[in-house]
Structure formats: structure tokens, C-alpha cells
Amino acid sequence: MSTRTITHPAPPLEGVWSDVVGQEAAVAQFRRAASPEGSLAQAWLVTGPPGSGRSTAARAFAATLQCEHRTGCGACAACRTVLAGTHPDVTVVATDKLSIAKEEVRALVMTAQRAPATGRHRVLIVEDADRMSPGTFNVLLKSIEEPPPSTVWMLCAPSAEDLAPTIRSRCRLVTLTVPGADVVAELLRRRDGVEEQLALRAARAAQGHIGLALRYATQEGALAAREQSARTLLGLRSAGQAVLAAQELVDRATAEAKEHADQVAAEERERFLRSAGIEDGKVPPALRSQLKQLEDDAKRRQTRLVRDVLDRYLLDAHSVLRDVLGRQLGTGGELVNLEVEPEIDQAARAGDGRVTLGLLDGVQTARERIAGNVPPLLAIEALLARIAISLR
Ligand SMILES: [Zn+2]
């Protein structure tokens, strides 16, 4: 006798937790800790894959801690200001650079020493806590070891292994999982007003990455570009094509990253000049080094963005190959890349599962190499050439 489990997405949570989707176990853990009977750890480590909602969950927890009704009602002034990022006792550090600067963490540690101004707790949220150097971890360590009684630290990272063991061992761990396409689609529909079919398509393509799903659903041409990339990948037949495709991909990622980085840099520059009272664009010598620092930051940010865009592409390539493998092994549930089904079927017939498994490994290797500072073009060329040869 066999039993079948039918799963439905859980009903949406209420209050500050309503946007934390597909994370029932983690939410229950947080709520228990924030309840009067719970024991509140003073250092938390929230882990989960990118886009799973780590910082959304951390903010929801911070709101629950500050909530006037102690429930995370979502309606009181404390809840609303925490979620809006304006509560005086909740500090969020986010970075879009390659690393979090030591000075930034020092300032944060000073803030952590202060008693809360209006709330019950002083909460410090560090998104991307994995982007700290060992030296910076040491600055943080002391404060996490002996925080003032009302201070709560929340570190977010992809996995616990991304943090120094000394830090890790002092934190209570909360693990988020990859949310299913159905709950992500439901969130896009409810929160962002995305039409149902588009929400589902975008959620499936984003493979549990909520921010990416929203982008696919709202940015003109983003889904189409993803499909085109899948077609290009499955159409590779020669090393020459692979070299061209790799170059095009890196160019596209660089352009996308540069556009974003330039925009942020221009805003920062303007803000800096305005705050220094400079209106004619003539920067006095005393301020030039600060401006130079801003420009250097912008360059580092662009480097990281290029890698992020390429990593996204590699994850897409991984999903395409996994679809091929599913067809080859006959294990296939629904394809992630339903729109390129004919090409996937064709690739499945052309090769065998063992080769495809090797290619999937190859994608992971390329991701690791790029994360480890191998020039992206080299890593991607090698991967695409390997794919082209096995699809021939
Ligand atoms: Zn509240």
C-alpha cells in the first residue's frame, strides 16, 4: 500500500511575517524565541541560499522584538518603522561591495554598546555577514561574546560555514530553505500584484530566489533573455561557438553591472557633494580623498556585480542541464525551463546521463572558480566548450 502526500502551500502568515514565505520551521523558531516563555539568544545566524528571504526574516524578527504588542502585529508604529527601515534601535548593514569594511563593523560595534532609545532591544542586522575578512570578524567577536543585555545581533549568510568558527559557535542558528515556486508565485501575486500565470513562470525560472522572481515578473524582456540564453546554451556545437558565446555573456554581464554601478556611484557622489555644500562641482583638495574613496568603492561594487550576474547565468545553465538530466533518467517532474522543452528533449536524446552529470559538475566548478577570482571569461569559456563538445 502506498500513501500519497498532497502538499498545499501553507496559508499566508500574518503581521510582520506575511512576506516570509515557505519558511514555516524558521518562523516558528523565531516566534517561540520572541514569546514571553521563549529564551532570547543575543546572537543569531540566519542562513539560507540567496533570495530565500534571510534579511526579510531578520527584519520580521526585529519587528517582533520591538512590537508594542510583542506579537509582530505589523500594525503598530514599532512594527511599521522596523519594516520601513526607520526604527532608531534597529540598524541594518547591507553591502553591495565585495567585502564589509572593518570601519563599518567598528561603528556597528559602538552602536551595539548603546542602550535602546525607544524600543525594548537594540537590534543589529548584518546582511552578507560572510563578506567579512578574518580581521573584521575579530572586531565583531568581542561584541558578540559579551553584548549589553538588551542588544541582539543577527548575522545573515548563505551557510554557517561562511563565518569564522569562533563567531558561528556563539550564534543560535536558523536555517531557511529554498521556497517552492508555488509560494513564491503566491507572494508575487499578493504583494506585488503580478498576474497569476506570469507569477508562476517567473517563480519557476527564478528557482526559489524571491528577488529574482520579482525581477523576471516585472522587468521587460528579462524572462525572454533567460530563455534565449537557454537556447544558445543548448545550441552550442563547436569550440568556436563556445568562445563567442562566453565573450558575449561576459560583455553582457559587464554592461549590466556597469550600468547599475554607475547609477549608484552618481547618486552617492551627488549626495556627498550636497552634504559638503558644494554646488559648482569644484571639490576642494581637503575632500578629494573622500571622493576618491567613493569612486574606489564603486569600482569594487561593479566587480562584484559582474560576478553576481555571471553566477545567476551559471545557475540558469545548471537548471537547463538538470532538466536535460531529468529527461535522460526519466525522473523528470515538471521542467524548470518549460519554454525550451523541444531543445531540452533534443539534447537529452543526443547524450547520456553520465555525460550530463559531468557537465553539471562543470557548472559548479565554473562557479567556484569565478568566486575564487579566476578571470570569469576563462572559466566560462572552458565550461561552454565542454558543453559544446558533448552536445555535438
Ligand atoms: Zn506590532
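Is one or more of the residues making up region 39-53 without any contact (Cβ under 8 Å) to a residue 60 or more places away in the chain and open to solvent by 10 Å² or more (accessible area, probe 1.4 Å)? Yes - at least one qualifying residue is present in region 39-53. Taken as a whole, the structure leaves residue 120 outside the set of residues that are open to solvent by 30 Å² or more (accessible area, probe 1.4 Å), within 16 Å of the ligand (Cβ to nearest atom) and in a helix (DSSP H, G or I).
Residue-level check: of (1) open to solvent by 10 Å² or more (accessible area, probe 1.4 Å); (2) among the hydrophobic types (A, V, I, L, M, F, W, C); (3) within 16 Å of the ligand (Cβ to nearest atom); (4) assigned to a helix (DSSP H, G or I), residue 110 misses just (3).
When 101, 84, 129 are checked against the criterion of being modelled with pLDDT under 95, within 14 Å of the ligand (Cβ to nearest atom) and within 22 Å of the chain's Cα centre (by Cα), a single residue qualifies: 84. Among the residues of this structure, residue 3 counts as one that is of a type in the set (Val, Ile, Thr), part of a loop (DSSP other than H, G, I, E, B) and either at pLDDT below 95 or more than 16 Å from the ligand (Cβ to nearest atom) (or both). For residues that are at positive phi and open to solvent by 10 Å² or more (accessible area, probe 1.4 Å), scanning just region 54-81, find the one that is nearest to the ligand (Cβ to nearest atom). Of everything passing the filter in region 54-81, 74 is nearest to the ligand (Cβ to nearest atom). Restricting region 82-101 to residues that are in contact with a Gly (Cβ under 8 Å, 6 or more places away or on another chain) and closer than 19 Å to residue 156 by Cβ, the residue that is least open to solvent (accessible area, probe 1.4 Å) is 89. Can you pull out every residue in region 19-34 that is open to solvent by 30 Å² or more (accessible area, probe 1.4 Å) and part of a loop (DSSP other than H, G, I, E, B)? 19, the sole residue that qualifies. May I ask you to verify whether residue 188 is under 22 Å from residue 49 (Cβ atoms), at pLDDT 95 or above and assigned to a helix (DSSP H, G or I)? For residue 188, the condition - under 22 Å from residue 49 (Cβ atoms), at pLDDT 95 or above and assigned to a helix (DSSP H, G or I) - is met.
A count restricted to region 344-364 and to residues that are surrounded by 15 or more Cβ atoms within 10 Å (Cβ to Cβ) and under 20 Å from the mean Cα position of the chain (by Cα) stands at 1.
Only a single item in (1) of a type in the set (Lys, Arg); (2) in contact with a Lys or Arg (Cβ under 9 Å, 6 or more places away or on another chain); (3) without any contact (Cβ under 8 Å) to a residue 24 or more places away in the chain is not met by residue 300, and it is number (3).
Of the numbered criteria (1) more than 13 Å from residue 53 (Cα to Cα); (2) touching a residue at least 24 places away in the same chain (Cβ under 8 Å); (3) open to solvent by 70 Å² or more (accessible area, probe 1.4 Å); (4) hydroxyl-bearing (Ser, Thr, Tyr), the one residue 159 fails is (3).
The values are calculated or read from the model by the stated rules, or taken from the named source; none is laboratory data. Source: prediction; values computed, not measured. In this analysis, Cβ positions are derived from the backbone assuming ideal geometry, glycine residues included, and neighbour counts consider all displayed protein chains. To get the accessible areas, we keep the full protein, side chains included, count just its heavy atoms, and leave off ligands, DNA and RNA. Shrake-Rupley method; radii C 1.70, N 1.55, O 1.52, S 1.80 Å.
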